[in-house]
Amino acid sequence: MAKSSSATASGTKKRKSKSGALTQEEVKSLGLELLSSRAHLNHAPTLLALLSPTAPLSIALEALISLQSFFEPLLPSIPSASAAAAVAAGGASDDPELVFGAWLRQRFEEFVAALVELSVSPDSGDAIREVALDAFMDFVKLGKDGSFNSAIYHKFLHAVVHATDSIDAVLELLGSKYAKYADVCFFTYTSLDKIANSLGSQTTGSGKDGLQNGDDGAKDRSAICVHNVYNILVHIPALDFKKETKFDMWSTVGLSSKGEKDTSEGSSATRISKKLKLKFTKAWLAFLKLPLPLDVYKEVLATLHQNVIPSMSNPAILCDFLTTSYDIGGVISVMALSGLFILMTQHQLEYPKFYDKLYALLTPAVFMAKHRSVFLQLLDACLKSSYLQAYLAASFAKRLSRLALSVPPAGALIIIALIHNLLRRHPSINFLVHWEVAQDDGEASRPKKIGADPFNNEETDPAKSGAMRSSLWEIDTLRHHYTPAVSRFVVSLETDLTIRAKTMEMKITDFSSGSYATVFRDEARRRIKQVPLAFYRSTPTSLFQESDFPGWTFGCQSNTGAQASVEGNAVHTLETVDASPAKRSRV
């Protein structure tokens, strides 16, 4: 075998030297000879050398197909990595089959590494990337005894996570073609859990020291890995466990790694659902423990309540992450409110200072934030409970009315709708609309501060804000708002909202997405019956009308020598020589 192999290798070199590079026909001939007998085994390293992202497409495809056809029938006879390492160390080198097995194992690992490189590399074309990924997933499918080959799949995900270039192309293929299989999702979550824990140990150990010492390279690599882990989780979404009664499997055995196949479909689907939920939860928890970049942090908070919480085995385990995010303040707190609200309403989470934090979030910046629509809808939902204390409802109503003086017109419309709902749900705070002070004889002699508002807008504690002793005078000023839509809409608060049978709540969704553009568009669509005119209906007889200066009359003045000077509210006439008195007189 050695003589024939060396002869074949020398023949290959001669064939190479004639043209300088192998053609497609020559590569195809090498593949056919490799598949024909063991005498041409040395063609395998030659074909492996052609699997490069920069190689010509036809050459790389021909070499890949030939090597895939060569390794697939030999997969059951390929020894494990430990057995191959023992043979390489010289433990049983006398047996030719063991030597061949160790050699085959080494070549197979080289082929798997080449497939991973072709799939992940940005230099690979779309055609070679798809073929390489399909060939790789075929080897994953054909594991020992038909089980899922999780070892080589873990190597693939490890390469994807640590890739420095864009991985969107390979993730699109992986998500569109293989994310529908339950075992692919299961082992993806398992590998991501291990990889995320490994990244976490690096950042908390020596990696953390490197970051503190100013190692920007380590910080950038860590951020890239975190981005890649998040992208994989997004492209491998959780299956709908409530609707799925039968899960499709990529391998013949399924989730079992011991070659045991289930017989009962009902119990199997239930157990598979539980296993998937558990692995999904572990993968996300391991990811959330990593130091998330700000952009990833915001994306996670924006989608956590929709894509993650419904598929977790125990969503309450996210309470630490969400409460920590909610305590940060600013936009992060606004985005964390969605997930926190679900945990409080559906999973019995108790958060004592919830309304205090929510009260502190009401700033003018909220009405211009990107996710203001979701936040304002959740704000209305949080204030819907009939068990809300009167001082809290009054504080929120007063805080919102004060914000109406500084927010854009679209924000003022939302505030009016929110206050309308608050007054209707909580009749105990309707005194804020019309505050009447009963004056006794003792109070009448006591001096009063005209225009003083006891409400403290800078106070972060609703109980100490003084809203119960104030009024919604800010809403009355909106009658004269420069935007007609606001001045018209504020009239809705004039009705008696305590009569619930004659009134109804306003839908915040109709106003939460408002902006200057929507306000202008609505005004432009309105059909106006009467408009102000820019001309006189009758010909004017004088420059000024008597109604312009009440208390004065205007007449003709024959002498132009008189000059009038105005001092205070009196008009003094200064007469020159031979000037007649002015005929302007005060009535």
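The values are calculated or read from the model by the stated rules, or taken from the named source; none is laboratory data. Bear in mind that the values here come from a model prediction, so they are computed numbers and not experimental data. All Cβ positions, even for glycine, are placed from backbone atoms using ideal geometry, and neighbour counts span all protein chains on display. Surface areas here come from the heavy atoms of the whole protein model, side chains and all, with no ligands, DNA or RNA. Shrake-Rupley method; radii C 1.70, N 1.55, O 1.52, S 1.80 Å.
General remarks:
- Surface exposure of the range 24-142, expressed per residue as accessible area with a 1.4 Å probe, stands at 44 Å².
- Charge sum, other residues only, whose C-beta stays under 14 Å from residue 66's C-beta, Lys/Arg counted +1 and Asp/Glu -1: -3
- Placed amide H near residue 42: partners under 5 Å, 5+ positions off or other chain: none
- Split the accessible area of the range 24-142 by element, probe 1.4 Å, and carbon with sulfur accounts for 56%.
- Residue by residue, the range 511-525 carries 3J(HN,Hα) couplings of 10, 5, 9, x, 7, 4, 5, 5, 5, 5, 5, 5, 5, 5, 7 Hz when phi is fed to the Karplus relation 6.51 cos²θ - 1.76 cosθ + 1.60 (θ = phi - 60°); x denotes Gly or Pro.
- Along each principal axis, Cα extent of the range 449-516, largest first, Å: 35, 32, 26
- Judged by the mean number of other Cβ atoms found within 10 Å, the most tightly packed of the peptides 489-501, 184-196, 58-70 leads the ranking 184-196, 58-70, 489-501.
- Among 21-28, 115-122, 220-227, the order from most to least packed when residues are scored by Cβ within 10 Å on average: 115-122, 220-227, 21-28
- Taken one residue at a time, the phi angles of the range 304-320 give Karplus couplings (6.51, -1.76, 1.60, θ = phi - 60°) of 4, 6, 9, 9, 10, 4, x, 9, 8, 5, 9, x, 5, 5, 7, 4, 5 Hz. Gly and Pro are set to x.
- Long-range amide H partners of residue 506 with built H, under 5 Å: 421
- Annotation: per residue accessible area for the range 360-400 equals 41 Å², rounded to a whole number [probe 1.4 Å, protein chains only].
- The value for the range 133-176 of Rg(Cα) / (2.2 N^0.38 Å) is 1.23.
- Scalar couplings 3J(HN,Hα) for the range 375-389, obtained by applying the Karplus form with A = 6.51, B = -1.76, C = 1.60 to θ = phi - 60°, are 5, 5, 5, 5, 4, 5, 5, 5, 9, 8, 5, 6, 8, 5, 5 Hz; x denotes Gly and Pro.
- Using a simple spin-label model with pseudo-atoms 7 Å out from Cα toward Cβ, residue 477 and residue 517 lie 3.0 nm apart.
- Largest-first principal axis extents of the Cα set of the range 24-142 (Å): 44, 28, 22
- Packing-based ranking of 124-131, 427-434, 229-236 yields 229-236, 124-131, 427-434, ordered from highest to lowest mean Cβ neighbour count within 10 Å.
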